[in-house]
1. Taking the stated definitions as given, is residue 45 at negative phi, touching a strand residue (DSSP E or B) at 6+ places or on another chain (Cβ under 7 Å) and free of Cβ contacts under 8 Å to residues at least 24 places away in the same chain?
2. Being in a loop (DSSP other than H, G, I, E, B) and under 13 Å from the mean Cα position of the chain (by Cα) is the filter; apply it to the stretch 14-31 and report the residue that is surrounded by the most Cβ atoms within 10 Å (Cβ to Cβ).
3. Somewhere in the stretch 53-64, is a residue more than 24 Å from residue 3 (Cβ to Cβ) and surrounded by 14 or more Cβ atoms within 10 Å (Cβ to Cβ)?
4. For the stretch 58-83, which residues satisfy the criterion of being at pLDDT below 95, in contact with a strand residue (DSSP E or B) (Cβ under 6 Å, 6 or more places away or on another chain) and part of a loop (DSSP other than H, G, I, E, B)?
5. Take the residues in the stretch 32-43 that are under 11 Å from the mean Cα position of the chain (by Cα) and under 18 Å from residue 67 (Cα atoms); name whichever of them is surrounded by the most Cβ atoms within 10 Å (Cβ to Cβ).
6. Limited to the stretch 22-42, what total is found for residues that are over 15 Å from residue 54 (Cα atoms) and in contact with a strand residue (DSSP E or B) (Cβ under 8 Å, 6 or more places away or on another chain)?
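The values are calculated or read from the model by the stated rules, or taken from the named source; none is laboratory data. Quick caveat: nothing in here was measured; it's all calculated off a predicted structure. Every residue, glycine as well, gets a Cβ built from its backbone with ideal geometry; the counts of neighbours run over all protein chains shown.
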């Protein structure tokens, strides 16, 4: 997944930022796609992956760091996980 595709999702969709909020949406099957930063901690990544498989949610691993993703989403903080 390229940053361009994330930019398109940012323009077209309502995104949810953060690990806890994303995990809630995945568990309740309210998320369609989850974006994970390249530097996401392994424990978070495994937990999201296992829950996403159960819920049938797509997980996309981005090529950028959490700092870069924060900049793309026009936020002044790093974003490790987000979904729509």
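1. So residue 45 fits the description; yes.
2. Top of the filtered list is 31.
3. yes
4. Within the stretch 58-83, just 62 meets the criteria.
5. 35
6. Residues meeting the conditions: 5.
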